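Here the structure is laid out as structure tokens; the discussion comes afterwards.
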Amino acid sequence: TPVQIKEFGAVNKIDFSPVPPYNYAVTASSRIHIYGRYSQEPIKTFSRFKDAAYCATHRDDGNLLVAGSEEGSIRLFDINGRAPLRQFDGHTKAVHVVGFLCDKYRIFSGGDDYSSNLWDIPSATEIVSYSEHTDYVRCGCASKVNADVFITGSYDHTVKLFDARTKSSVMTIEHGQPVESVLLFPSGGLLVSAGGRYVKVWDVLKGGQLLVSLKNHHKTVTCLCLNSSGQRLLSGSLDRHVKIYSTTSYKVVHSFNYATSILSLALSPEDETIVVGMTNGVLNIKHRKPEERKEKSRKKRQPAYRTYVKGRTYMPKQEDFCVSKPVKRVLRKYDKLLKSFQSSKALDAVMEPPIRLYTPEVTVAVMQELHRRGTLRSALAGRDEKQVNLLLTFVARRVIEPRFTPVLVTVADMITDIYQPVVGQSAIVDRQFLRLQEAIGKEIDYQEELLEVLGMMDTLFATFTKKRATYLEENKSNGLTETIETNMN
């Protein structure tokens, strides 16, 4: 259930501290409140502003906080103090965007005077000022990879990338609508801009090429946010919705609905808390529900042994009717996969060590069945180095067994045909191919020698048969002569 806190005015910025205990700063009206993750009352307040405060942002170490103001000044606060440590004056109108560069010693800002400035913290002086925008500068962010790069977005429909080492912007991107929020991915390669009803993703490394344009809101998108892993992008809008996109497909995977229009949005560094600020001054905090630990179920007492053997020895009488209970047939894993036509997974199942080593006839039988179905080639294809190595090891070891030879020769032929283009890329696979070649070569030599021996034995058997027949004929003729002579006598 969300926690709701009423602020003094519209919440224009929420920023989580990047260090534990992950407190967050809320900028609303002329105050900045610091809240603990589970506190419903502010644990600290910065209220030294004559007019509205804007964009309170933490430094990477969580020790400093910088904020802009309606009167045009920028104030730097120690998170443990109250009075400002530094004040930067140079903007002539309200400063809506401020932030730290990743070197921690410089601040960038953007204001309603169309300028984007860079400030030095130790000396509290302006380093450089860029006046390239032609309308209010309302959003910005700094690169976490390069300490000299920062980005600003303006109501003149453009996003500009500045490098502190140059006197002008190094890249300009046309968003097409007044830009309300910009966001850089941690790698610094992708930039997200929000304005109008659109959220657009740009490839900075390709000179600001548009990758994808998202139009899932039906009112102006006001804020953007990334989760800790960079796999989810969140956008808040005046249409009262927060949309969550997958950064791999850029499709909406979830959505939150709120009571009024959303101005600001933040996600805690551990993705445990989502905080949303609205136009009516309400702060909405949602915590991830803790995973309930499953209680270890008590082990049920098994029935006594006599329960299982009861009635086993009973012999039916002549007048008894015997009802036989059909035996439930349990299919093996590979049989289930074959039944559902998952040929590749069926082959994986029979290549597991218990089957492959102790019952190789099962492995070969499944290969034969896949060949009969015509799916053996597709089952063998698309395998990585480890799987190809396993297949070749099995084939090289078992191909010399007469009962397996017809099937495994076909398998070896298919593997060679499929993976011939990648020969030379893996020393392990190449070694197995050489082993297979050696095993088949030795087997051919044995077969040739056996054929020679068989030829010799056929000759010997033929000679023995001829001699034996001659000897029998001699005996028969001798016996016949003796009988005739006896009768004549």
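The values are calculated or read from the model by the stated rules, or taken from the named source; none is laboratory data. Values in this document were obtained by computation on a predicted structure and should not be read as measured data. No Cβ is skipped: glycine too gets one built from the backbone with ideal geometry, and neighbour counts run over all protein chains shown. Quick note on the areas: whole protein, heavy atoms, side chains included, nothing else; ligands and nucleic acids left out. Shrake-Rupley method; radii C 1.70, N 1.55, O 1.52, S 1.80 Å.
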Over the stretch 333-443, relative contact order from alpha-carbon pairs under 8 Å, at least 6 apart, %: 24
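If I stretch the segment between Lys219 and Gln302 completely, what's the gain in nm (0.36 nm per residue apart, minus their alpha carbon distance), one decimal? Walk me through the intermediate numbers first.
Working: separation 83, 0.36 × 83 = 29.88 nm, distance 6.34 nm.
Length difference between fully extended and current span is 23.5 nm.
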Between Glu132 and residues 5 or more places away or on another chain, which pairs have amide H atoms under 5 Å apart, with H built 1.01 Å from N, and which residues are they? Ser116
Could you pull out every residue, at least 5 positions away or on a different chain, whose amide H is within less than 5 Å of the one on Ser181? Hs are placed 1.01 Å off N in the peptide plane, and Pro or chain starts have none. Ala194
If I ignore ligands, DNA and RNA and count only protein heavy atoms, how much of Phe8 is accessible to a 1.4 Å probe, in Å² to the nearest 10? 130
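Can you give the calculated 222 nm mean residue ellipticity of the chain, where each DSSP H run of n ≥ 4 adds -39,500 (n - 2.57) and the sum is split over every residue, rounded to the nearest 500 deg cm²/dmol?
Mean residue ellipticity, 222 nm, calculated: -9000 deg cm²/dmol.
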Leaving ligands, DNA and RNA out of it, rank His175, His157 by accessible area with a 1.4 Å probe, largest first. His157, His175
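Stokes-Einstein diffusion coefficient for the stretch 3-287 at 20 °C in a medium of 1.002 mPa s, Rh from the Kirkwood formula over Cα pairs: what value in µm²/s? Numbers along the way, then the final one.
Working: Rh = 18.6 Å.
Rounded to a whole number, D works out at 115 µm²/s.
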First compute the accessible area of the stretch 146-305 with a 1.4 Å probe, then give the percent of it belonging to carbon and sulfur atoms. 49
Round to the nearest 10 and report in Å² the accessible area of Glu319, as given by a 1.4 Å probe over the protein chains' heavy atoms. 130
Between the modelled labels at Thr313 and Gln437 (7 Å from Cα along Cα→Cβ) the distance in nm is 6.8
Using a basic spin-label model with each label point 7 Å from the Cα along Cα→Cβ, how many nm lie between Ser168 and Leu205? 2.8
How charged is the neighbourhood of Val253? Take every other residue with its Cβ under 10 Å from the Cβ of Val253, and add Lys/Arg as +1 and Asp/Glu as -1. +3
Residues with amide H under 5 Å of Gly9's amide H, sequence separation 5 or more or different chain, H placed in the peptide plane at 1.01 Å from N; which? Ser29
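Quick check for you: with a 1.4 Å probe and neighbouring chains kept, what is the accessible area per residue of the chain, in Å²?
Details: 28850 Å² over 489 residues.
Result: 59 Å² per residue.
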Work out from phi, with θ = phi - 60° and the Karplus expression 6.51 cos²θ - 1.76 cosθ + 1.60, the ³J(HN,Hα) of each residue of the stretch 274-284, listed in order in whole Hz, and give x for Gly and Pro. 10, 10, 10, x, 10, 5, 8, x, 8, 9, 10
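Taking the Cβ of Ala427 as the center, what net charge do the other residues with Cβ under 14 Å away carry, scoring Lys and Arg +1 and Asp and Glu -1?
Working: positive: Lys386, Arg431, Arg435; negative: Glu385, Asp430.
Spelling it out: positives minus negatives among the neighbours equals +1.
Rounded to a whole number, what % of the accessible area of the stretch 333-443 do carbon and sulfur atoms account for, probe 1.4 Å?
On the way: 3520 of 6260 Å².
With neighbouring chains kept in place, the figure for the stretch 333-443 is 56 percent.
Arrange the residues Asp335, Asp60 by how much accessible surface each exposes, largest first, with a 1.4 angstrom probe. The partial results should precede the final answer.
Working: Asp335 55, Asp60 85 Å².
From most accessible down to least: Asp60, Asp335.
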The stretch 300-425, convex hull of Cα, quarter of hull surface, nm² -> 13.8
Equivalent-ellipsoid semi-axes (√(5λ), Cα gyration tensor) for the chain, whole Å, largest first? 84, 34, 19
Loop only per DSSP, at most 15 neighbouring Cβ atoms within 10 Å: give me the trypsin sites (Lys or Arg not before Pro) in the stretch 233-267, ordered by residue number. Lys251
Express in nm, to one decimal, how much length is gained between Ser129 and Arg288 on full extension, taking 0.36 nm for each residue of separation and deducting their alpha carbon distance. 53.0 nm
